[in-house]
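Encoded as structure tokens, the structure appears first; notes follow it.
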Amino acid sequence: MQCSSSVKRADSVTVDLILSNAKAYLRKQIVDCNIAIDQGRIFKIGKKTTMPNASTTINLEGNLVLPGLIDAHVHLRDEGKAYKETFYTGTAAAAAGGFTTILDMPNNAPVTMSAETLRNRMKTAETEALVNVAFYSEFPQNMQEIPRIVKEGAVAFKLFMTEQVGGLNIDDDNVILEAFKTLSRLEVPVAVHAEDKQTSRKAETELKNADRNDVEAFLEAHSESVELRAIEHLLDIDRKADAQLHFCHVSTENGLKAIVYGKKQKMPVTCETTPHNLFLTADDLRKIGMLAVTMPPVREKRHVTALWNGIKNGLIDIIASDHAPHTLEEKKPRSVWDAKVGIPGLETTLPLLLTEANQGRLSIADIVRLMAEKPAEIFKLKDKGCIEEKKAADLTIVGLGIKHKIDASRFKSKAKYSPFDGKQVQGKPVKTFVNGQLIMDDGEIVAKAGSGKLIRRE
Ligand code: DOR
Ligand code: ZN
Ligand code: ZN
């Protein structure tokens, strides 16, 4: 079908760019159209005959055009952890993977947990980033710093419940409540890593005493109840605070059930899951070993099925990669307790999901909802999430039919390994436009460092 032409006559102006021969996802339909872009924004969407003049035209050759995808959970590292990833390599991986905006996690060196650490981090990112970057902050010890961090531009806060990362004492429910109340008042979301510290520590100590140090032991230390306890605990606190609460990387059937129960009670909660939790099982972890160790871990089939059901029925709000790069050496110690946990996911997430779309398990509408519309809504990224006139020209161009093998050695990320290495997939991001600028073309980065924009909460 053809998209309707805008009423505004545009034939007297010259715009920066026209994308011709597009099949764009517009208002829940895939539409043959052309997209005119000017000064980083979508100027007009319509038939060829209604397009203004343009300095440049790029023929998209009938490829699918999606709203620029948003990865709401990325560990970009840099600063004291630049040996694992930098803003440049991490955002290059994002652009190569079809993401135009990513949200940066705060467990860095130094930890992002004050206006000053956030400002310094933004300064480093500004000259390096290739895609749009928004920032999480951890909680400071002094609650009065929270509004200053928000003023500096953090779009959300992050709370790790497995160990204390920021300044907030995670063993004190009263301070968590106070922090959540503050965010509720400021209308800023809080994302949580829900694993109960006491439960996992106790199990870990017992396993270590029994000389258990393999991936099986890791699975036992991060049992299903470790996740469920933390989720129920945080939901209880939030019943009194009413903060917008986002559960990161949900991995278990009962964890999801508890969140859904909160949703049914009209609590302001949302949740995410990851590609590794959707595409890998505990058996895969046993086969692959340390490289696939992540927190929370990948789970038995029953959980994977529950997560897929949550995706299909819309109870899981978003998919995020939880891109967590480490060096290969850090991933391969003798004991699992010494392994750095996390999987690089920016360059595998979209091909894995497109493969499912090709096989009919997901629709393109699902992918757009999970990775563009919903993350934009949850993290209040106005300007993002859909293809519409006047919105930012962030676009992900996809070759839906392209069959290829995941090749981790070619990742732009510094972490050149993946539990999905060698996997046959169908569907590939072929171009990434950020604010109207072509950043990735056919797998290569074609823009300068610093071409991406920093997103500050307004
Ligand atoms: O697997 C993980 N990796 N889980 C986390 O919570 C942290 C992350 C990281 O920063 O490496
Ligand atoms: Zn986490
Ligand atoms: Zn994470």
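The values are calculated or read from the model by the stated rules, or taken from the named source; none is laboratory data. Here the structure is a predicted model, which means the values were calculated and not measured. Every residue, glycine among them, receives a Cβ derived from its backbone with ideal geometry; neighbour counts consider all protein chains shown. Accessible surface areas use protein heavy atoms only, side chains included; no ligands, DNA or RNA. Shrake-Rupley method; radii C 1.70, N 1.55, O 1.52, S 1.80 Å.
Points worth noting:
- If you check Leu285, Leu315, Leu328 for being open to solvent by less than 30 Å² (accessible area, probe 1.4 Å) and either within 13 Å of ligand 1 (Cβ to nearest atom) or touching a residue at least 12 places away in the same chain (Cβ under 8 Å) (or both), only one passes: Leu285.
- A residue that is modelled with pLDDT under 95 and farther than 27 Å from Tyr136 by Cα cannot be found anywhere in the range 270-283.
- Flag if Thr252 is within 16 Å of ligand 2 (Cβ to nearest atom) and either under 21 Å from Glu195 (Cα atoms) or in contact with a Cys (Cβ under 9 Å, 6 or more places away or on another chain) (or both): yes
- Any hit, the range 397-405, residues being under 30 Å from Lys340 (Cβ atoms) and not basic (Lys, Arg): yes
- Yes/no for Thr205 being open to solvent by 20 Å² or more (accessible area, probe 1.4 Å), within 16 Å of ligand 1 (Cβ to nearest atom) and hydroxyl-bearing (Ser, Thr, Tyr): no
- Where a residue in the range 60-74 is without any contact (Cβ under 8 Å) to a residue 60 or more places away in the chain and its partner, wherever it lies, is assigned to a strand (DSSP E or B) and open to solvent by 10 Å² or more (accessible area, probe 1.4 Å), with Cβ under 7 Å and at least six apart: Glu61/Asn21; Gly62/Asn21; Gly62/Lys23
- Any hit, the range 339-359, residues being assigned to a helix (DSSP H, G or I), over 21 Å from the mean Cα position of the chain (by Cα) and more than 16 Å from ligand 1 (Cβ to nearest atom): yes
- Among the residues listed as Val133, Val150, Val188, Val175, the single one being assigned to a loop (DSSP other than H, G, I, E, B) and either more than 16 Å from ligand 2 (Cβ to nearest atom) or among the acidic types (Asp, Glu) (or both): Val188
- If the condition is being surrounded by fewer than 19 Cβ atoms within 10 Å (Cβ to Cβ) and more than 16 Å from ligand 1 (Cβ to nearest atom), then the range 288-312 contributes Glu300, Lys301, Arg302, Thr305, Trp308, Asn309, Lys312.
- Among residues of the range 377-388 that are of a type outside the set (Ser, Thr, Tyr), those with a beta-carbon under 6 Å from a residue that is in a loop (DSSP other than H, G, I, E, B) at least six positions away or on a different chain give the pairs Phe379/Val155; Asp383/Lys391.
- Unmet criterion (only one of (1) surrounded by 23 or more Cβ atoms within 10 Å (Cβ to Cβ); (2) more than 16 Å from ligand 3 (Cβ to nearest atom)) for Lys44: (1)
- Criterion applied to Ala357, Ala339, Ala320, Ala365 was being on the phi < 0 side of the Ramachandran plot, within 16 Å of ligand 3 (Cβ to nearest atom), of a type in the set (A, V, I, L, M, F, W, C) and open to solvent by 10 Å² or more (accessible area, probe 1.4 Å), and the one residue passing it is Ala339.
- Unique residue being within 16 Å of ligand 1 (Cβ to nearest atom) and crowded, with 19+ Cβ neighbours inside 10 Å when the list is Glu128, Glu138, Glu163: Glu138
- Verdict on Leu234 being under 23 Å from Glu377 (Cβ atoms) and more than 16 Å from ligand 1 (Cβ to nearest atom): no
- Every residue from the range 268-296 that is among the charged types (D, E, K, R) and over 21 Å from the mean Cα position of the chain (by Cα): Asp283, Asp284, Arg286, Lys287
- Among (1) among the charged types (D, E, K, R); (2) under 22 Å from Lys384 (Cα atoms); (3) in contact (Cβ under 8 Å) with a residue 40 or more places away in the chain, the one test that Asp104 misses: (3)
- Of everything listed in (1) open to solvent by 30 Å² or more (accessible area, probe 1.4 Å); (2) more than 28 Å from Cys386 (Cα to Cα), the single unmet condition for Lys412 is (2).
- Among the residues of the range 222-231, those identified as assigned to a helix (DSSP H, G or I) and surrounded by fewer than 24 Cβ atoms within 10 Å (Cβ to Cβ) are Glu224, Ser225, Leu228, Arg229.
- Test: residue in the range 75-92 that is at pLDDT 95 or above, open to solvent by less than 10 Å² (accessible area, probe 1.4 Å), touching a Phe, Trp or Tyr at 6+ places or on another chain (Cβ under 7 Å) and over 17 Å from Tyr136 (Cα atoms): no
- Meets criteria (in contact with an Asp or Glu (Cβ under 8 Å, 6 or more places away or on another chain) and either more than 22 Å from Ile70 (Cβ to Cβ) or of a type in the set (Ser, Thr, Tyr) (or both)) for Ala408: yes
- Out of Lys374, Lys382, Lys390, one residue alone is closer than 30 Å to Asp78 by Cα and either within 16 Å of ligand 3 (Cβ to nearest atom) or out of contact with any Ser or Thr (no Cβ under 8 Å at 6 or more places or on another chain) (or both). It is Lys382.
A quick yes/no check of all residues on (1) closer than 24 Å to Thr252 by Cα; (2) out of contact with any Gly (no Cβ under 8 Å at 6 or more places or on another chain); (3) charged (D, E, K, R); (4) modelled with pLDDT of 95 or more:
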{"position": "Thr101", "(1), (2), (3), (4)": "no, no, no, yes"}
{"position": "Met113", "(1), (2), (3), (4)": "no, no, no, yes"}
{"position": "Asn132", "(1), (2), (3), (4)": "no, no, no, yes"}
{"position": "Glu152", "(1), (2), (3), (4)": "no, yes, yes, yes"}
{"position": "Phe157", "(1), (2), (3), (4)": "yes, yes, no, yes"}
{"position": "Met161", "(1), (2), (3), (4)": "yes, yes, no, yes"}
{"position": "Gly167", "(1), (2), (3), (4)": "no, yes, no, yes"}
{"position": "Asp171", "(1), (2), (3), (4)": "yes, yes, yes, yes"}
{"position": "Leu183", "(1), (2), (3), (4)": "no, yes, no, yes"}
